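Asks: Can you keep this structure in mind? I'll have questions shortly.
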Amino acid sequence: MFIQRTGVGRLALCVSLIASLAACSHSPSEGDANAAIKTRLGDCKYFSIGSFDKVNGIPVDDNDYRMEVRYSITMDLDSRYHDRLKQHMKNVEGFTAMNADFDARLEKFNTEMLAYNEAHADDGSPRYETTHPSPMNDLTTPEQRAMQADAQSDIKSVLVQSISQECPALDRRLLTNFFDAQTPMKNYADDVTYNFTETLAMMKTDNGWQEAR
């Protein structure tokens, strides 16, 4: 009986010691850092963490830690956004083609006008532009005007605003990274995965290690 109680006491002491050491840990785990990045996603259904690796860690003091991490995040938009993006790209292509056609017709008109007016400067003939309609007078259809308006719109800002409304807890800085000015629009027609490397500032709280903000 005595030996049995001693064994239980030792076991309880070990468990208590392990718990104390865990509570006094001065470095966050890779899981803590992963959870910090996941918090930025705000449970938004369009974003998920892929690979995640701790690269390095530097303790600052008992309650602060800097952890260098490397990870990937995938943005998987639904069909509404994909269709909207594809329509925008189609409008950009259509507007570009329409502009190219207009420029070609205007250049042809100006060339013919100059040659005609020079050739008939002294014979009393009406000037070319009085008898030939200029491309500048062309009226676009409502569909063409709508295409132009969408093609010239800042579609990335529109998408950022829309996704932010759907996912209010999502860190807007993440959206800024995904919808940066340098990324071609065609990249958003399908799922997009970006790789990130950064140094996280972690701080110890009553609820464990969390990202310092």
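Asks: Search the stretch 141-169 for residues that are without any contact (Cβ under 8 Å) to a residue 60 or more places away in the chain and pair each with any residue that is in a loop (DSSP other than H, G, I, E, B) and among the β-branched types (Val, Ile, Thr) when their beta-carbon atoms are under 8 Å apart and the residues are at least 6 apart or on different chains.
Replies: Final answer for the pair search is Gln148/Thr140.
Asks: In this structure, is Leu200 in a helix (DSSP H, G or I) and surrounded by 14 or more Cβ atoms within 10 Å (Cβ to Cβ)?
Replies: no
Asks: If I ask for residues that are surrounded by 13 or more Cβ atoms within 10 Å (Cβ to Cβ) and part of a helix (DSSP H, G or I), which ones from the stretch 73-84 would you list?
Replies: Hits for the stretch 73-84 are Tyr81, His82, Arg84.
Asks: Test Gln87 against the criterion of being surrounded by fewer than 13 Cβ atoms within 10 Å (Cβ to Cβ) and modelled with pLDDT of 90 or more, and give yes or no.
Replies: Answer is no for this residue.
This table checks each residue for (1) assigned to a helix (DSSP H, G or I); (2) in contact with a Gly (Cβ under 6 Å, 6 or more places away or on another chain); (3) more than 30 Å from Glu198 (Cβ to Cβ); (4) not hydroxyl-bearing (Ser, Thr, Tyr).
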{"site": "Asn91", "(1), (2), (3), (4)": "yes, no, yes, yes"}
{"site": "Gly94", "(1), (2), (3), (4)": "yes, no, yes, yes"}
{"site": "Ala97", "(1), (2), (3), (4)": "yes, no, yes, yes"}
{"site": "Asp103", "(1), (2), (3), (4)": "yes, no, yes, yes"}
{"site": "Glu118", "(1), (2), (3), (4)": "yes, no, yes, yes"}
{"site": "Ser125", "(1), (2), (3), (4)": "no, no, yes, no"}
{"site": "Ile163", "(1), (2), (3), (4)": "yes, no, no, yes"}
{"site": "Leu170", "(1), (2), (3), (4)": "no, yes, no, yes"}
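The values are calculated or read from the model by the stated rules, or taken from the named source; none is laboratory data. Treat the numbers as computed from the prediction; the structure is a model and nothing was measured. Here Cβ is always computed from backbone atoms with ideal geometry, including for glycine, and neighbour counts include all displayed protein chains.
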